[in-house]
1. Averaged over all directions, how much area does the convex hull of the C-alpha atoms of the stretch 565-713 cover when projected, in nm²?
2. Would you be so kind as to identify which of L445, N685, V351 lies farthest towards the positive end of the dipole of the chain, taking Lys and Arg as +1 and Asp and Glu as -1 on Cβ and the Cα centre as origin?
3. Considering the alpha-carbon set of the stretch 436-488 alone, what are its Rg and its Dmax in angstrom?
4. I'd like the carbon and sulfur percentage of the solvent accessible area for the stretch 565-713, probe radius 1.4 Å, heavy atoms only, ligands and nucleic acids excluded.
5. In debye, nearest 20: dipole of the stretch 563-714 around its Cα centre with unit charges on the Cβ of K, R (+) and D, E (-)?
6. So for the pair A459, R273, with labels modelled 7 Å out along Cα→Cβ, what separation do we get in nm?
7. Putting +1 on Lys and Arg Cβ atoms and -1 on Asp and Glu Cβ atoms, find which of Q335, A109, T175 reaches farthest to the positive end of the dipole of the chain.
8. On the first, second and third principal axes, largest extent first, how far apart are the outermost C-alpha atoms of the stretch 621-694 in Å?
Amino acid sequence: MPFCGTRVTLDDEDHVVQVRGDRDDLMTTGYACIKGLEASAAYYAPDRVLRPLKRQPDGSFAPIAWETALDEIAATIRATVAQYGGESIGGFRGTGAFLNASATSMLPAFLTAIGSHKHFTTYTIDQSAKSVTAGRMGFWNAPRHPLRDSDVRMMFGANPLVSLTNSYFDMTNPTKRMKEARARGMKLIVIDPRRTETAAFADIFLQPYPGEDPTIAAGLIRIILHEGWEDAAFCRDHVADLEILRTAVDPFTPDYVATRAGIDPADLRAAARLFAVECQRGGAYAGTGPSMAPHSNLSDHLIEALNVICGRYQREGERVVNPGVLRARGDPRAQVIPAGRSWEQGFKSRVGGYGMLGDEMMGGIMADEILAPGADQVRCFISHGSNLVNVIPDQQKMLRAIETLDLLVNIEPFMNETSRLAHYILPPKMGYEREDLTMFLYESLYAEPYARYTPAIAAPPAGSDLIDEWEIYWGLAKRLGLDLVYDGVPLDMATKPTTDRLLAIVARHAPVPFAQLKADEMGGIYEGTPQYVGPASDGHSGRFTVAPDDIVAELRQILDERDSHGAYHSHGAIFSHRLTSRRIRDVQNSAHRNIPAIRKRMPYNFAYLNPADLAAMDLVNGDRIEISSDAGMIPAAVEADAGVKPGVIQMTHGWGGLPGDTSYDRDGANTGLLISTDRNLEPINAMPRMSAVPVNIRPVRARVAEETDHAGGS
Ligand SMILES: Nc1nc2c(c(=O)[nH]1)N[C@H]1C(S)=C(S)[C@@H](COP(=O)(O)OP(=O)(O)OC[C@H]3O[C@@H](n4cnc5c(=O)[nH]c(N)nc54)[C@H](O)[C@@H]3O)O[C@H]1N2
Ligand SMILES: Nc1nc2c(c(=O)[nH]1)N[C@H]1C(S)=C(S)[C@@H](COP(=O)(O)OP(=O)(O)OC[C@H]3O[C@@H](n4cnc5c(=O)[nH]c(N)nc54)[C@H](O)[C@@H]3O)O[C@H]1N2
Ligand SMILES: [Mo]
């Protein structure tokens, strides 16, 4: 994710032989993770797809020329649009599509040109709660406190030291940055059911049961307001409904929260005091932990409300440390942009009546939009840089949806699970084989206004026939007579652009010319004119709404929940544990599982449990279990992790193969089989229940023993 600066050794054929972290890199200063260091193994992996492939009636794949493939795909899309209209075409962008600056804007441009709303991305099965919060509470029109002068960070369910992804920390060499921040006195509060690599640096570590973030955040708000620790002046000037929030969180007393979340009430108090009294700058932030558990939008809202009541935003006159390089600059002002609730207007999904978030529909109902019959049913689908089959929760439903499609096009370098089901696999050049820029969508993740252009340095694998991803969309649009508006700029559809031409469009707002970005080999910090937070605009009266009706109602709903630990109810059954997701260093979601060095370290996705839980079930490392939820069952091998709270089971996602052709030993298991998207979808963004999933654990070894005993006794 952080696009580490690397030094790449090439052989005589310009193929990658070795990758090392580059100590001279301005941002990552030598850091690189195993996934990046193993690039050579990935680029020349036996399952890399070297030319476009078309699925044959018997399920095998045959090579097809690029021009023929694009002709055939365009013909199917044309016929489908003619019969059913533009809404019958859909597409999804995954992680692979978000790591390519010239191509990432292409799918939405293509779908807009064709007249379809069916644009999905990983965002709505990730942390789209953040957009929901901004839409319900409003947002401050200037940055939060930057890391460099923050004296505190509170992290709910985020582990940036492993995930290297956190828009409120520094993702370039995060362990080093954490040590630096700690050395200058920054305090850290971590709330996580696992004592993570990040939690190891915490001053206060709360280890709750998963799914209790709304309870904890409400409890922290209650303590702060009760003690008068809030930033009263900021609240007076900028918050519309503080008294309603105060009343709504009143039942969340330290004792109630502590019992429910399984934490010590004294720690909760200490966290509130450290955050609100002992520290003045820096805020609270949620990673994927809270955003995948039930009530994810409520959690995110209350966590951001901590920042609001403590006024943890930059004020008039403060310098904006990263105004960005490639994106058009905003006009930061010390004022609230009030809640817009944009999803309440405009287009609504056929399934569930969900509105849009930005230009996206909700991933939680994507399979249903493909399956539900009707005029606007999705019939042709482009998957771009995603392993849909392994990452969309509710794998069974996703598979049924894929079977229903008339056309599935997979823009993907590898023969992975989704490729095997595609009608066409269109393999692109990979990172070192193409010109690229630092990813403009993630600019804010850097601590400074940094950008870098990287030339294509490696030759594609011998004997391959690969193109750049944008060429696929441009080629299809041209055949279909569509005009593409790319990143806000209409493209000339008569003359094919180049990758550099598209990157120059992406970089058109930069304070330096594209030619200079290209010339600066190591990239640079391009601040341009320093930017400061301006005063509120004349007559501005926007205020935060921290306690709108739907938030207050959901808080009441939480109080009605009566599950006790070790006995969780879901869909009519009772479960003993809560399963959560977590990232592991070795893989990126479903990717990199094909690399031998990685599989040696991580043969499959283990189920991590506290040693006490393992002992209670008479299990040792490597023993097999079956994990069952109200939606399905998967096998797993257990691994002790003393950092995991008893009662919690953790497993990383993206593993497993296709049903009927998979074994745990070979593929690991897909946790998406334990998730149903028929129920437990959050309001507004249809976020599925992907963490704090109630499950039962059944030792397979014990069952074998029982059966033997039984046989012996009869
Ligand atoms: N190595 C590696 N890096 C990655 C990825 C990867 O697969 N591998 N994936 C990338 C992606 S797609 C993303 S979105 C980011 C995510 O980045 P992060 O959000 O930092 O992801 P995780 O490392 O899984 O950290 C989530 C934490 O939430 C905790 N948690 C689980 N359930 C709950 C809960 O209910 N409440 C609380 N408070 N905590 C909970 C877990 O124990 C875990 O420590 O990482 C990215 N980086
Ligand atoms: N149960 C459960 N499900 C989850 C999650 C969870 O925590 N639990 N996490 C969710 C989250 S946060 C996310 S973001 C999603 C991730 O979902 P995806 O983004 O679909 O996951 P990846 O496996 O990272 O898929 C990226 C694909 O891009 C390919 N790729 C690599 N390089 C390139 C390239 O240059 N071009 C192209 N076109 N492709 C390339 C990779 O081979 C890989 O197949 O999963 C979600 N699903
Ligand atoms: Mo993600």
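1. Answer in nm², one decimal: 10.9.
2. The Cα lying farthest towards the positive end belongs to L445.
3. 15.7, 43
4. It is 54 percent, rounded to a whole number.
5. Result for the stretch 563-714 is approximately 600 debye, rounded to the nearest 20.
6. Distance between the two pseudo-spin positions: 6.8 nm.
7. Farthest towards the positive pole: T175.
8. 41, 34, 18
The values are calculated or read from the model by the stated rules, or taken from the named source; none is laboratory data. Nothing here was measured: the structure is a model prediction, and the numbers come from that model. With ideal geometry, Cβ positions are generated from the backbone for all residues, glycine too; neighbour counts draw on all protein chains shown. When the accessible area is computed, the model is the full protein with side chains, heavy atoms only, and any ligands, DNA or RNA have been set aside. Shrake-Rupley method; radii C 1.70, N 1.55, O 1.52, S 1.80 Å.
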